[in-house]
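J.: For reference, the structure I am asking about is given below.
The values are calculated or read from the model by the stated rules, or taken from the named source; none is laboratory data. The shown structure was predicted, so the numbers you read here are calculated from the model rather than taken from an experiment. With ideal geometry, Cβ positions are generated from the backbone for all residues, glycine too; neighbour counts draw on all protein chains shown. Accessible surface is based on the protein model in full, side chains and every heavy atom, while ligands, DNA and RNA are left aside. Shrake-Rupley method; radii C 1.70, N 1.55, O 1.52, S 1.80 Å.
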Amino acid sequence: MADSPRHSVSVAAVVVDDHNRVLLIRRRDNGHWEPPGGVLELDEEVVDGLRREVAEETGIQVEPVALTGVYKNMARGIVALVFRCRQLAGLATTADETAEFRWVARGEVLDLADPAYAIRVLDALDSASPPAVRAHDGVRLV
């Protein structure tokens with residue numbers, strides 16, 4: 001019997017500051033701007049993984065406020081859970097996976113991030129209830 005297709009689950013944090021700006025990182029591996037996050041470990045709880053990924057990529061500690069969207073990369077089989085978060089402690093900095101970071105206003109998000117990642121930030125800022133559920137091809141919404 002052939003191997004069954006597999007999915008991975010990732011988490012991302014749309015960290016919003018007191019000025020309603022969001023934290024975006026520019027990844028070292030592909031140069032793309034997106035909210036911090038990454039793949040959950042098999043034995044890791046969702047919120048623990050979210051906190052770990054954000055700390056590894058930005059140096060800050062966050063607290064999730066709400067699940068704002070569920071997104072599937074159809075081309076790669078990645079399901080992403082995106083949370084609006086508030087910063088608890090730490091100062092944003094670059095890291096092994098992060099070449100650069102910026103606190104950006106809503107209007108700057110579409111200028112920096114691919115549509116598939118920008119929509120995650122916009123959905124989190126709009127705080128849709130229930131959470132948005134969307135699919136994309138890695139760049140564009142489908």
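J.: At 7 Å along Cα-to-Cβ for each site, give me the label-to-label distance between His32 and Thr93 in nm.
T.: Going from the His32 label point to the Thr93 one covers 2.7 nm.
J.: Here's another thing I want to ask about it. Test of the criteria: in the range 10-88, which trypsin sites (Lys or Arg not before Pro) are in a DSSP loop and have at most 14 other Cβ atoms within 10 angstrom of their Cβ? Don't skip to the answer; put the middle values down first.
T.: Details: sites: Arg21, Arg26, Arg27, Arg28, Arg51, Arg52, Lys72, Arg76, Arg84, Arg86; in loops: Arg21, Arg28, Arg76.
Taking the range 10-88 and a limit of 14 other Cβ atoms within 10 Å, the loop trypsin sites (Lys or Arg not before Pro) found are Arg28, Arg76.
J.: With a sphere of radius 10 Å drawn around the Cβ of Arg27, what net charge do the other residues whose Cβ falls strictly inside it have (Lys, Arg +1; Asp, Glu -1)? Before the final figure, lay out each step's value.
T.: Details: positive: Arg26, Arg28; negative: Asp29, Glu34, Glu57, Glu97, Glu100.
So the environment of Arg27 carries a net charge of -3.
J.: Helix 46-58: angle to the longest alpha-carbon principal axis of the chain, degrees 0 to 90, nearest 10?
T.: 60
J.: Related question: Suppose we keep just the DSSP beta bridges with both residues in the chain; what percent of those would be antiparallel, to 5?
T.: Numbers: 25 of 38 bridges.
Within the chain, antiparallel bridges account for around 65 percent of the total.
J.: Along the positive direction of the dipole of the chain (beta-carbon charges: Lys, Arg +1; Asp, Glu -1; about the Cα centre), which of Leu67, Ala13, His136 reaches farthest?
T.: Selected residue: His136.
J.: Relative to the compact-globule scaling 2.2 N^0.38 Å, provide the ratio for the alpha-carbon radius of gyration of the chain.
T.: On the way: Rg = 14.4 Å, N = 142, 2.2 N^0.38 = 14.5 Å.
Here the Cα radius of gyration is 0.99 times the empirical estimate.
J.: In a shell of Cβ-Cβ distance under 14 Å around His136, excluding His136 itself, what net charge do Lys and Arg (+1) and Asp and Glu (-1) give? Provide the component values of the computation, followed by the final result.
T.: On the way: positive: Lys72, Arg76, Arg120, Arg134, Arg140; negative: Glu34, Asp114, Asp123, Asp137.
For residues surrounding His136, the net value is +1.
J.: Also, I was wondering about something else. Please build a GNM for the chain, connecting alpha carbons under 10 Å apart, and tell me which residue among Leu125, Leu50, Leu91 fluctuates the most.
T.: Comparing Leu125, Leu50, Leu91 in the GNM, the peak value goes to Leu91.
J.: Any idea what the dipole of the chain comes to, in debye rounded to 20, about its Cα centre with Lys/Arg Cβ at +1 and Asp/Glu Cβ at -1?
T.: Numbers: 16 positive and 23 negative charges, 90 e Å.
With only Lys, Arg, Asp and Glu charged at Cβ, the dipole is about 440 debye.
J.: Something else now. Using a Gaussian network for the chain with springs between C-alpha atoms less than 10 Å apart, which of these wobbles most: Ala105, Ala12, Ala92?
T.: Result for the chain, Cα springs under 10 Å: Ala105 fluctuates most.
J.: Determine the share of the range 1-94's accessible area contributed by carbon and sulfur atoms, expressed in whole percent, with a 1.4 angstrom probe. Present the calculation step by step, with values, prior to reporting the outcome.
T.: Values: 2590 of 5150 Å².
Carbon and sulfur together cover 50 percent of it.
J.: With a 1.4 Å probe and all protein chains left in place, how much accessible area per residue does the chain have, in Å²?
T.: Working: 7750 Å² over 142 residues.
Spelled out: the 1.4 Å probe surface of the chain, per residue, equals 55 Å².
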